[in-house]
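Working notes, structure below.
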Amino acid sequence: MASDPGSKAVFYGRYSDGKSAAASDAQLQLAPDGIAIKLAGHDVPMLWPYASLSSAEPLSEYAIDGLLSSTAAPGASLFATEGTFVRRLAGSAPHLTAKAQRWSNAKPWIAATALIAAIAVTISVFNLSPSHAIATMLPDKARAKLGSHAIASMTGERRTCDDAKGLAALNRLTEKLSKASGASAKFDITVIDWGLLNAFAVPGERIITTRKLIAKAESADEVAGVLAHEMGHGIELHAETGLVRAIGLSAAVELMLGGSGGTLANVGVALAALSYSREAERDADTHALRILKNAAISSKGLAAFFARMKKEELDVGGDSTRGVLDAVSTHPNTVERIAKIAAQTPYPAKPALSDGDWADLKGICGPAKPGMDEDGDGQNDGAEAPAPKKPPPSKDGPAAKKKPLQKLEKRDKAKSGRDI
Amino acid sequence: MLDQQDTPLPAGPPAAPPTRPSSESPGERTTLHISWLQPTGLLALSATNFLLRFVTLGIYSFWGKTEVRKRIWSGIRIEGEPLQYSGTGKELFLGFLIIFGAVLLPITLISLAVSLIFGPESPAHVIFPILLYPLIFILIGIGTYRAQRYRLTRTVWRGIRGGMQGSDVHYAWTYFWSALLLPSTLGWLTPWRSTELQKILTRDSRFGDRAFTFTAKPGPLYRSFSALWFGSLFIAIAAVSIFSLNIDIKMFMPDEFGPKLPSPEHTIKMIALIYAIFIAAYFAYYILSAWYRSKSINHFAAHTHFEGATFRSTVTGFGLVRVAVGNFLLNVMGWIIGLALFGLLLAPVWILNAGGIANEGTEGLRSVAMAVGALALIASSGLFSPIIQARTMRYLVKNLSIDGTVPLGNIAQGEVQKLSRGEGLAQAFDIDGF
């Protein structure tokens, strides 16, 4: 380049004025301030300033030729037939290079991504929950509607337990706990004839529990403890928050994939697939202790229930897998939960239900039919069915969030419930 | 090497043939020579576009797609001079936003509302999609037409723009009602339908102020179509026969203990057999339909005229299959790379979990890894599409020529069509090939 300043070199191209599809030969020079274009029959060359140029495709070092246009001559185009010319032009008009164009196109979006990442980090560091904010804004009617859909799709064909005496006993317990909870609305508790050991908080101050949970409980205090824990979830709107999050996420996915909302149809499945954070569980436990104390019910029932679940977990999982189970479970360590209950200062307590009421509650699903297939899993569960084989330690994803409790219920399709 | 053509060509001497006149005068007729100049650096462009999609939450895809089109359009040469793609990423993005807000968002919100208001068991879940599908069908028709219009208005040769004049609703309506008749005619309306639709698209197309003419009749296509139709029937019958000859029905017959479940090995064998038959049948059908497609492409080209010149296309079924198989393999490679990246990004989480190290502190890490992994997976979709599109276009262009002469000096700029946004609908329904 030392002997050839570039601007002196003459290149060739074809020029079209944009008025017709005809083209004519042109001589091109890279002048200091633009491309000088000399057409046959014209003495004075046109000048296309570098800043006014655009190219049909971004200039690259591999260019064989290049097609240019300029705001100096709207509609006209210049086809430079030599790669050398195009590569030298890139030096004078760097905004035409692929690198410059990509950067200027991507820059605002990279900034936006960084901003979104910063917001996400802020939300997680300061523990903000947009879903919870939306959940608190839902009108009661909407929450009730969500709740009844969830119950309908979760229970499916299963029967609601409706023994009159059992219902009366349950009602007495519910009223006692509702009052003690200080919540504005009364909780509504439904027992489903279901061989799954679980209890769910459902939007709209509703709670679902199962025949098997009632059967497994050894005292009314235990049932009261579990229900108080679920009321804690209800007071904190955990189910609503989880649903808002699930619906928001799946709506986002649907939109990205151009779907038609099909996966949103089943609110119950979404609810069953929810899994609360350990923090949410701790909050629910705190509420449970407060409610039990206000209701003058001993929290030892809750502790006993936890302890028995823990024992079953060990029976099933064995010590070797405990670390992994604790690590992947979203429930606080059971020992930690029991310790928290034990740390409570003692208070005077009466049994949650009279012996007669407790017997009635036990019979809410009608007389136990020995030998019936409780889960519909083809197995004879019996009242104290041996636990099915433990699944292999889960690795990650939703499966990992299952609580040890559910390991017992491996075969039940709706095993994903959380909540005790 | 992904593509042998994807190597930088040496910068050659000026391409201008010495015999060409220095400029065309009005009225002078020129023979137009169509050629293909393979764009360079497409593999690097695939990687760059992927990275930029990744760091922009996928939004860069509109600009990435635009750069790919610019490179592919430049590869199409008429008289050695490139076509220019003058569209922008911003236009595609705006088109997407508008369709997102006016079509996708309402559809999703209404579906959501339907399921929340009426509940999961309600018949509304059946009725709503039935009402929705005709609408989507009409929107696809409109989208197809508008996508072609957008691309033509953004296609420039020697400073002269393409364009389209006509009614997208007319096209969409024809598209819709003729599709309704397809089932009752057992598909025999297809050649007539595609000729009719192609006729609308071609006759509405403009280059500068000149229109294209289309004289194709569906008649000649019916011979190849009947071969396709009876051939497909034969393939279906053959597939079912092979399957039933190889399946042991007794395995499933209930005996005194009730219905039997086949053994695991038997189940695996059956599944493998079903897959093998399905893949073989699909491939046979694909070859046959590609052959029909080549016939119709060539037929339509031979009856497309511009200013007295006529197009000629010489694609073959085998050629189309070869392109499609190569494209499929490139796509598979893209999926594998995407999944590998996903796995790589999630590996730390798996290792932590497996080692029992995971605790509350790592929950945040897990969500971050999941989000980043999912983003990588999304960004990797269409990883090699620059190469795939160039391969497809190369095949079509290399088999395309123009017979006769065109008075280039007479073609003036057409009226300006003000389109400020791109083909949102076509993108939304995934019907844009290039």
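The values are calculated or read from the model by the stated rules, or taken from the named source; none is laboratory data. Since this is a predicted model, take the numbers as computed values, not measurements. Here the Cβ is made from the backbone with ideal geometry for all residues, glycine too, and neighbour counts use every protein chain on show.
The lone criterion from (1) more than 9 Å from every other protein chain (Cβ to nearest Cβ); (2) small (Gly, Ala, Ser); (3) crowded, with 17+ Cβ neighbours inside 10 Å left unmet by B:Ser111 is number (1).
Answer with yes or no whether B:Gly87 is modelled with pLDDT of 80 or more and in a loop (DSSP other than H, G, I, E, B).
Against the criterion (modelled with pLDDT of 80 or more and in a loop (DSSP other than H, G, I, E, B)), B:Gly87 qualifies.
The listed residues are B:Val156, B:Val126, B:Val169, and the only one of them that is surrounded by fewer than 17 Cβ atoms within 10 Å (Cβ to Cβ), within 14 Å of another protein chain (Cβ to nearest Cβ) and among the β-branched types (Val, Ile, Thr) turns out to be B:Val126. Take A:Val86 and decide whether it is assigned to a loop (DSSP other than H, G, I, E, B) and not aromatic (Phe, Trp, Tyr). Against the criterion (assigned to a loop (DSSP other than H, G, I, E, B) and not aromatic (Phe, Trp, Tyr)), A:Val86 does not qualify. For region B:196-216, the set of residues classified as acidic (Asp, Glu) and either within 14 Å of another protein chain (Cβ to nearest Cβ) or not in a helix (DSSP H, G or I) (or both) consists of B:Asp209 only. Considering only region A:48-77, state which residues are surrounded by 17 or more Cβ atoms within 10 Å (Cβ to Cβ) and away from chain B (no Cβ under 14 Å). Within region A:48-77, just A:Tyr50 meets the criteria.
Can you name the helices (runs of 4 or more DSSP H) wholly within region B:341-434 that have at least 3 residues being at pLDDT below 85 and at the interface with chain A (Cβ under 9 Å from one of its Cβ atoms)?
B:363-379
Answer yes or no as to whether A:Lys38 is at pLDDT 90 or above, over 50 Å from the mean Cα position of the chain (by Cα) and charged (D, E, K, R). Here the answer is yes, as A:Lys38 does meet what is asked. Taking the condition surrounded by fewer than 16 Cβ atoms within 10 Å (Cβ to Cβ), more than 9 Å from chain A (Cβ to nearest Cβ) and without any contact (Cβ under 8 Å) to a residue 60 or more places away in the chain, does B:Pro106 pass? Yes; evaluated as a whole, the condition is true for this residue.
Of all the listed residues (B:Arg53, B:Arg77), the sole one being closer than 19 Å to B:Leu152 by Cβ and more than 8 Å from chain A (Cβ to nearest Cβ) is B:Arg77. Contact map, region B:39-55: first residue closer than 15 Å to B:Gly334 by Cα, second residue charged (D, E, K, R), Cβ cut-off under 6 Å, separation 6 or more or different chains; pairs are B:Leu42/B:Asp6; B:Leu43/B:Asp6.
One line per residue, one yes/no per condition, for (1) assigned to a helix (DSSP H, G or I); (2) under 30 Å from A:Val244 (Cα atoms):
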| position | (1), (2) |
| --- | --- |
| B:Ala44 | yes, no |
| B:Leu51 | yes, no |
| B:Leu57 | no, yes |
| B:Trp73 | yes, no |
| B:Arg77 | no, no |
| B:Phe96 | yes, yes |
| B:Thr108 | yes, yes |
| B:Ser111 | yes, yes |
| B:Ser115 | yes, yes |
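Within region B:88-103, the set of residues being more than 10 Å from chain A (Cβ to nearest Cβ) and surrounded by fewer than 22 Cβ atoms within 10 Å (Cβ to Cβ) comprises B:Glu91, B:Leu94, B:Phe96, B:Leu97, B:Ile98, B:Gly101, B:Ala102.
Got at least one residue in region B:118-135 being at pLDDT 85 or above, closer than 28 Å to B:Leu201 by Cβ and among the aliphatic types (A, V, I, L, M)? Yes: region B:118-135 contains one or more residues that are at pLDDT 85 or above, closer than 28 Å to B:Leu201 by Cβ and among the aliphatic types (A, V, I, L, M). In region B:256-280, the residues that are more than 18 Å from B:Ser244 (Cβ to Cβ) and among the polar types (S, T, N, Q) never reach a residue that is at pLDDT 80 or above and part of a strand (DSSP E or B) with C-beta atoms less than 7 angstrom apart, at least six apart or across chains.
Considering only region A:78-97, state which residues are closer than 16 Å to A:Gln27 by Cβ and either more than 7 Å from every other protein chain (Cβ to nearest Cβ) or within 49 Å of the chain's Cα centre (by Cα) (or both).
A:Leu78, A:Ala80, A:Phe85, A:Val86, A:Arg88, A:Leu89
When region A:272-288 is filtered for residues that are surrounded by 20 or more Cβ atoms within 10 Å (Cβ to Cβ) and touching a Lys or Arg at 6+ places or on another chain (Cβ under 9 Å), the ones remaining, listed by number, are A:Ala272, A:Leu274, A:Ser275, A:Tyr276, A:Glu281, A:Asp285. The helices (runs of 4 or more DSSP H) found entirely in region A:188-274 that carry 3 or more residues being modelled with pLDDT under 80 are A:238-257, A:267-273.
Only a single item in (1) closer than 19 Å to A:Ala239 by Cα; (2) crowded, with 23+ Cβ neighbours inside 10 Å is not met by A:Ala217, and it is number (1). Applying the selection to region B:129-142, what residues are more than 10 Å from chain A (Cβ to nearest Cβ) and either touching a residue at least 60 places away in the same chain (Cβ under 8 Å) or among the hydroxyl-bearing types (Ser, Thr, Tyr) (or both)? Scanning region B:129-142 gives B:Leu139, B:Ile140, B:Ile142.
With the condition kept exactly as written, say whether any residue in region B:28-41 is of a type in the set (Lys, Arg), assigned to a strand (DSSP E or B) and modelled with pLDDT of 80 or more. For region B:28-41, residues of a type in the set (Lys, Arg), assigned to a strand (DSSP E or B) and modelled with pLDDT of 80 or more: absent. Do you know which residues across region A:124-159 are outside any loop (DSSP other than H, G, I, E, B), within 13 Å of chain B (Cβ to nearest Cβ) and without any contact (Cβ under 8 Å) to a residue 12 or more places away in the chain? Within region A:124-159, A:Ser124, A:Val125, A:Lys141, A:Ala142 meet the criteria.
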